[in-house]
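Colleague: My questions all concern the structure below.
Here, each number is a calculation from the coordinates, and none is a lab measurement. Please read all numbers here as calculations on a predicted model, not as lab measurements. For neighbour counting, all protein chains shown are included, and Cβ atoms are generated from backbone atoms with ideal geometry for every residue, glycine included.
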């Protein structure tokens, strides 16, 4: 599966209608972003069951601001609408493989329970957008 362009208009639909979504926050002027792009694209072909989305931080400043993106490239993984991983910097193919396999192995009911417990202790809502 090729990567998809993610915007503020389609973000919610993409994240809520797919089990796992990996986002690459990038910009055209960013050398490391351009270097990482082929690795990200190759991973999208290797994992057809995962949605790989690219967010151009120059065009989607609202999304970049919402997620407090301060450094690019920045990779973020959602599973069942929960952010499980967020890290600035490019990743090698083995790093992407490891991130995906670890995320697939998680028991999401347990993760949701831990989030609910933490929210109850802090008196706030879940930290999801």
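Colleague: Identify, from the list 90, 98, the residue that is surrounded by 14 or more Cβ atoms within 10 Å (Cβ to Cβ) and over 11 Å from residue 25 (Cβ atoms).
Modeller: 90
Colleague: Now for a separate question. When residues of segment 1-17 are filtered for being surrounded by fewer than 17 Cβ atoms within 10 Å (Cβ to Cβ), in contact (Cβ under 8 Å) with a residue 40 or more places away in the chain and assigned to a loop (DSSP other than H, G, I, E, B), how many remain?
Modeller: Matching residues across segment 1-17 total 4.
Colleague: Look through 77, 84 and report the one residue that is crowded, with 19+ Cβ neighbours inside 10 Å, under 14 Å from the mean Cα position of the chain (by Cα) and assigned to a strand (DSSP E or B).
Modeller: Within the list 77, 84, the selection yields 77.
Colleague: Ok, one more. Would you please name the residue that is surrounded by the most Cβ atoms within 10 Å (Cβ to Cβ), looking only at residues in segment 45-65 that are under 13 Å from the mean Cα position of the chain (by Cα) and assigned to a helix (DSSP H, G or I)?
Modeller: 64
Colleague: Residues of segment 18-40 being more than 13 Å from the chain's Cα centre (by Cα), surrounded by 15 or more Cβ atoms within 10 Å (Cβ to Cβ) and in a helix (DSSP H, G or I), which ones?
Modeller: Within segment 18-40, 33, 36, 37, 39 meet the criteria.
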